[in-house]
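K.L.:
Here you go, one structure.
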Amino acid sequence: MTSGRVNPQFRLEDQGIEGLGNVHYNLMEPALIEAALKRGEGTLGNGGAFLVTTGKFTGRSPKDKHVVRTDSVIDTIWWENNAAMSPEGFDTLYADMLEHMKGREFFVQDLVGGADPAYAINVRMVTELAWHGLFIRHLLRRPERAELDSFLADFTIINCPSFKADPARHDCRSDTVIALNFDKKLILIGNTEYAGENKKSVFTLLNYLLPEKGVMPMHCSANHAVGNPVDTAIFFGLSGTGKTTLSADPARILIGDDEHGWSDRGTFNFEGGCYAKTINLSPEAEPEIYATTHKFGTVIENMVFDEETFELDFQDSSLTENMRCAYPLEYISNASENALGGHPKNIILLTCDAYGVLPPISRLTPAQAMYHFLSGFTSKTPGTERGVVEPEPTFSTCFGAPFMPRRPEAYGKLLQEKIAQHGATCWLVNTGWTGGAFGTGSRMPIRATRALLTAALEGSLNEAEFRKDENFGFEVPVAVPGVDTQLLDPRQTWADQAAYDAQAAKLVSMFAENFEQYAPYIDDDVKAVAIG
Ligand code: ATP
Ligand code: MN
């Protein structure tokens, strides 16, 4: 039996996917929630939010993500960063998965990745879980209903959590698998219920496809000034650095919170929704995001709630620190209608420095911006993994190594050209620790970060007096109205300034050591600003 609306020439059978049980095409939100409830996938929460837990996997499984080593991509994939899978392994995986799917109920969503029609791709998402259908409907872009009648997919993604891969048969690492086949235009996901895999698969796809069209794909959030898309800002950053938090700025229009492209026409969101962390989410500091947790259809993933009142517990991280909510862009009241922006006027590189060394904001030259883009420094904060007691610095190139199928220089060069052509001002913002490293100091107040960003984006910060930082070479403002002056100079915030100097020296040498790998690929101007 099938239900729903679909291009009659493009059913699953037309793609060679046959013998399934009930198939539901393009159900809308209420029907998806009804199906998910009937199947016992989750619970209806306050305001009609949908509450789910995902079992063993509450985060991505980057090591289980494979790119299929086909002839057409063999010379372009960055294999040191992307685990390979043989074409034969993939074919067996696909055959076994199709066999496993027989007789089971599936949900199909025909969606679009990319708000700019010139660079958009059509994605068909086939999910075993009804709530994954709901999730991806929020996260990607939803075509008009009438457009579904002629929808053809550029890529198809099958997500079947009940399927376990077999490393010996399928040439993968474990029984959890995410396999991208660029030739077959197919992505297969098995044995994980964590919803983020769905959206990051599409991101990985676009990160591969767009550079060939001269479009820079970016792991960043974006917003623009009210009534003025020409005044666009983008915020690069690894997980937990504040992309979602800081782009939701009541004084600006939200373009998107995680994935964007930069073409000759300007910036565009890849997505149609947001996926925000909810740990310690406060209605005062982040009112817009907080409000979405009580809206119809918002997917609340891995949050503890009161069984009687369905009250969410934002402090209880017993299921995971990575608890999240997913909602369509329009749930943020000042979101852009078309998810398009201009060429970025300001580029912000976010870092969460748990060492408490980097200033809350610094101005970068284009060469320094390239250096920090390739470095991709941040810290995993203790507590996010069991047994981690020291801050764990990581360098993840392009602020998103797990999603980059090509070599870092491919993205670096594109970004460098675009910055040179459009003359963006670049900033490094530390949303991590101040007054000492983790354990001694405290997290940068969101209010201070917001005040500094407001000054940067309005242009007033450019007029401030700057000092040159002796460790890192970038420019740091000396005073900014509305911000505690001491906060601007991290050394002054430490009780023990010799300890600051030692910590800074340690960080400098870490930067230097990490950057060695890029030396053969970069221009002299970037080499000239290398740290250490
Ligand atoms: P992901 O890529 O995983 O979605 P992200 O970059 O979007 O990550 P956020 O979801 O914005 O990261 O997470 C930032 C977290 O840090 C939030 O929980 C926020 O409340 C907290 N936070 C604390 N201080 C700050 C600050 N000064 N600036 C930004 N975020 C802060
Ligand atoms: Mn985010």
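K.L.:
Given the options L209, L238, L246, L205, name the one that is more than 16 Å from ligand 2 (Cβ to nearest atom) and surrounded by 21 or more Cβ atoms within 10 Å (Cβ to Cβ).
P.N.:
The match here is L205.
K.L.:
Here's another thing I want to ask about it. F314 passes all but one of (1) in contact with a Leu (Cβ under 7 Å, 6 or more places away or on another chain); (2) away from ligand 1 (no atom under 12 Å from the Cβ); which number fails?
P.N.:
Status for F314: all satisfied but (2).
K.L.:
Something else now. Take the range 418-453 and flag every residue that is polar (S, T, N, Q), out of contact with any Leu (no Cβ under 9 Å at 6 or more places or on another chain) and not in a loop (DSSP other than H, G, I, E, B).
P.N.:
Q421, S442
K.L.:
Please find, within the range 270-283, the residue that is farthest from ligand 1 (Cβ to nearest atom) out of those that are among the hydrophobic types (A, V, I, L, M, F, W, C) and under 30 Å from G214 (Cα atoms).
P.N.:
Within the range 270-283, the match that is farthest from ligand 1 (Cβ to nearest atom) is F270.
K.L.:
Only residues in the range 235-248 that are farther than 15 Å from A285 by Cβ count as the first member; pair them with residues that are small (G, A, S) and near ligand 1 (Cβ under 6 Å from one of its atoms), Cβ under 7 angstrom, at least 6 apart or cross-chain, and list the lot.
P.N.:
Listed by first residue and then by second, the contacts come to K243/G237.
K.L.:
With the condition kept exactly as written, say whether any residue in the range 356-364 is in a strand (DSSP E or B), modelled with pLDDT of 95 or more and not hydrophobic (A, V, I, L, M, F, W, C).
P.N.:
yes
K.L.:
Shifting gears a bit: Kindly indicate whether any position in the range 96-118 is at pLDDT 95 or above, over 25 Å from S3 (Cα atoms) and assigned to a helix (DSSP H, G or I).
P.N.:
Checked against the condition, which is being at pLDDT 95 or above, over 25 Å from S3 (Cα atoms) and assigned to a helix (DSSP H, G or I), the range 96-118 yields at least one hit.
K.L.:
Could you identify the single residue in E321, E301, E286 that is in contact with a strand residue (DSSP E or B) (Cβ under 6 Å, 6 or more places away or on another chain), touching a residue at least 40 places away in the same chain (Cβ under 8 Å) and within 15 Å of ligand 1 (Cβ to nearest atom)?
P.N.:
Exactly one residue qualifies, and that residue is E301.
K.L.:
Okay, moving on. If you go through the range 171-200 one residue at a time, how many are closer than 18 Å to D96 by Cα, buried (at least 22 other Cβ atoms within 10 Å of the Cβ) and among the charged types (D, E, K, R)?
P.N.:
1
K.L.:
Could you tell me how many of the residues in the range 13-37 are within 13 Å of R124 (Cα to Cα) and of a type in the set (G, A, S)?
P.N.:
Here the count works out to 0.
K.L.:
Quick check on this structure: which one of A495, A499, A448, A519 is assigned by the TED database to the domain that holds S379 and crowded, with 19+ Cβ neighbours inside 10 Å?
P.N.:
Testing whether each residue is assigned by the TED database to the domain that holds S379 and crowded, with 19+ Cβ neighbours inside 10 Å leaves just A448.
K.L.:
Test each condition in (1) within 13 Å of ligand 1 (Cβ to nearest atom); (2) out of contact with any Leu (no Cβ under 6 Å at 6 or more places or on another chain); (3) part of a helix (DSSP H, G or I) for A291 and report the one that comes out false.
P.N.:
Of the numbered conditions (1) within 13 Å of ligand 1 (Cβ to nearest atom); (2) out of contact with any Leu (no Cβ under 6 Å at 6 or more places or on another chain); (3) part of a helix (DSSP H, G or I), the odd one out for A291 is (1).
K.L.:
For residues that are surrounded by fewer than 20 Cβ atoms within 10 Å (Cβ to Cβ) and part of a loop (DSSP other than H, G, I, E, B), tally how many sit in the range 21-40.
P.N.:
Qualifying residue count for the region: 5.
K.L.:
From the list T232, T267, T244, T204, exactly one residue is near ligand 1 (Cβ under 10 Å from one of its atoms) and closer than 24 Å to Y411 by Cβ. Which is it?
P.N.:
The conditions single out T244.
The values are calculated or read from the model by the stated rules, or taken from the named source; none is laboratory data. Just so we're clear, the structure is a prediction, and the values are computed from it rather than from any experiment. Cβ sites come from the backbone with ideal geometry, for glycine too, and all protein chains shown count toward neighbours.
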